[in-house]
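**Q** Following this message is one structure expressed as C-alpha cells.
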Amino acid sequence: MPLLLVLAFLAALLSSLPQCRAAEAVPTCAGIVPMRWRREVVSITEFGAVGDGKTLNTWSFHKAIYRIQHLRKRGGTLLYIPPGVWLTGSFDLTSHMTLYLARGAVIKAAQASVNSFLCFLQSPICKFIRDLKVHDKEMLTTACSSESGLGSSSNVCIEDSFVATGDDLVAVKSGWDEYGIAYGRPSSGITVRRLTGSSPFSGIAIGSETSGGVENVLVENIKLYDVGIGIHIKTNVGRGGYIRNITISDVNMNNVRKAIRIAGDVGDHPDENFDPNAVPTVDGVTIKNVWGEEVEQPGSIEGIKNSPFTRVCLSNVKLWGVGASPWKCTDVTGAALGVNPGPCPQLTSSFAMSYCSNDF
C-alpha cells in the first residue's frame with residue numbers, strides 16, 4: 001500500500017477516536033442490571049399469538065404465563081416476544097421468568113380493556129420488582145389505562161424509550177398508607193433517562209403512594225409534550241414514609257398545563273384506618289436544566305404544615321408562555337438559581353443556597 005494511503009488511513013482513524021470516546025461516554029444501564037439466564041426459551045407465537053396489531057392476544061399471554069407458573073422449569077423460562085405489534089388486555093407476570101421483547105416488538109393495550117395496562121411496566125406487575133432494565137422500547141396504552149408504575153421496586157432502569165399513556169407517564173411508588181407502612185419496602189435505585197412521551201396527567205411522577213419510602217431516583221434527558229403536569233412529586237398526610245435524594249435534570253417540555261408541582265395534599269386513602277399522624281417527609285429534591293415552552297403555569301411547591309419540605313433546589317429552570325402566572329409556595333425551604341419566571345421567596349434564602357450549591 002502506498003505510504004500516502006497509509007498515512008491517510010491513519011489520519012482518518014485518529015480523527016474518529018474523539019467520536020468513539022463521545023459515544024462511549026453516553027450513560028447507560030447496560031451491564032448494571034444484567035438479564036438473568038433462563039434454561040428454557042418459549043415464544044409467544046407458540047401459544048397462538050399474532051403480532052399484526054389487530055389480533056387480540058390476551059388469551060395467548062395468559063396461557064404462556066400459566067404454563068411458566070405451573071411447570072416451574074428449573075432455571076426459569078424466558079418468554080420471547082418477536083418483532084411486531086402485540087395487542088393484549090391485562091395480564092400478570094410470575095416468578096422465575098423473563099419477558100424479553102425483541103427490537104421492534106411493541107406490546108399494546110387493547111382499546112376495549114378498561115383495566116388494560118402496560119404489560120412489563122404497569123401496576124400490578126411492577127409491584128415489588130428488582131433488577132429490571134427496559135431499553136429502547138415503545139410503550140403504548142389506551143386513554144383508559146393507568147400509569148407506567150414502579151411500586152416498591154429497586155435497581156430499575158428505563159432508558160431510550162417512548163411512552164404514551166392515559167395516566168402518569170412514569171410513576172414511582174412504594175405502598176399505600178397503613179398497608180405500605182406495615183410492609184415497609186421502599187423504592188430505590190431508580191433511573192429513567194432519554195425518555196420521550198405524552199400524557200394528559202403527569203410526565204414524571206413520584207407518589208402519591210410512598211408509604212414505604214422513595215429514595216435515590218435519577219431522571220435525566222426527558223422530552224415531554226402535551227402533558228398536564230411535567231414533573232409531579234406528591235404525597236399526603238397519612239402516607240408516612242419519605243421522598244429523598246431525588247434528582248431530575250435536562251427536561252424539555254412543550255404544551256404543558258403546569259411545569260412543576262411538589263405537593264403534600266394529593267391522593268385518597270384506601271380506608272378509614274389510616275393514621276393521620278403518619279406525616280411524610282420530603283427532603284433533598286433537585287430539579288435542574290428544565291426548558292419549557294407553551295407552559296400555562298410555572299408550578300407550585302406546597303409542603304405540609306407540620307412537616308415542611310426541605311432542601312428543594314431549582315436550577316436553570318426556564319419556562320415560557322406562562323404570562324403573569326406566579327409560582328406558589330408554602331411550607332418549603334430551598335434555593336433557586338436561574339429560574340424564569342422568578343421563584344418563590346421561600347427558595348431565595350442565602351442559607352438554603354449553601355446546601356443546594358453542591359447540587360447546582
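**Q** Among 91-99, 36-44, how do they line up by average Cβ neighbours within 10 Å per residue, starting with the highest? Don't skip to the end; give the middle numbers.
**A** Numbers: 91-99: 16.2, 36-44: 14.6.
The densest-packed peptide leads the list: 91-99, 36-44.
**Q** Once a ≥ b ≥ c are taken as the square roots of the eigenvalues of the Cα gyration tensor of the stretch 248-358, is the result rounded (a/c under 1.5), prolate (a/b larger than b/c) or oblate (a/b not larger than b/c)?
**A** Since a/c reaches 1.5 but b/c is at least a/b, the shape of the stretch 248-358 is classed as oblate.
**Q** Sorted by packing (mean other beta-carbon atoms within 10 Å per residue), highest first, where do 191-197, 282-288 land?
**A** The peptides rank, most packed first, as 282-288, 191-197.
**Q** Could you give the radius of gyration (one decimal) and Dmax (whole number) of the Cα atoms in the stretch 153-360, in Å?
**A** Cα only, the stretch 153-360: 15.9, 46 Å (Rg, Dmax).
**Q** Arranged from highest to lowest average of other beta-carbon atoms within 10 Å per residue, in what order do the peptides 331-337, 46-52, 61-67 appear?
**A** Ranked from most to least packed, the peptides come out as 331-337, 61-67, 46-52.
**Q** Sticking with this structure for a sec: Taking the Cα of Trp37, stepping 7 Å toward and past its beta carbon, and measuring to each backbone N in the stretch 88-103: which are under 18 Å?
**A** Label zone hits: 96-99.
**Q** Let me ask another. Going by C-beta contacts inside 10 Å, put Lys73, Lys108, Lys173, Lys54 in order with the fewest on the left.
**A** Ranked by crowding around the Cβ, least crowded first: Lys54, Lys73, Lys108, Lys173.
**Q** A further question follows. How high is the relative contact order of the stretch 242-360, given as a whole-number percent (alpha carbon pairs under 8 Å, six or more residues apart)?
**A** Normalised by residue count, the contact order of the stretch 242-360 is 25 percent.
**Q** When only C-alpha pairs under 8 Å and at least 6 residues apart count, what is the relative contact order of the stretch 153-360, in percent?
**A** Normalised by residue count, the contact order of the stretch 153-360 is 15 percent.
Taken together, the values in this text are just the output of simple stated rules run on the coordinates, not laboratory data. Because the structure is a prediction, the values reported are computed rather than measured. Please note: Cβ atoms are built from the backbone with ideal geometry, for glycine as well, and neighbour counts cover all protein chains shown.
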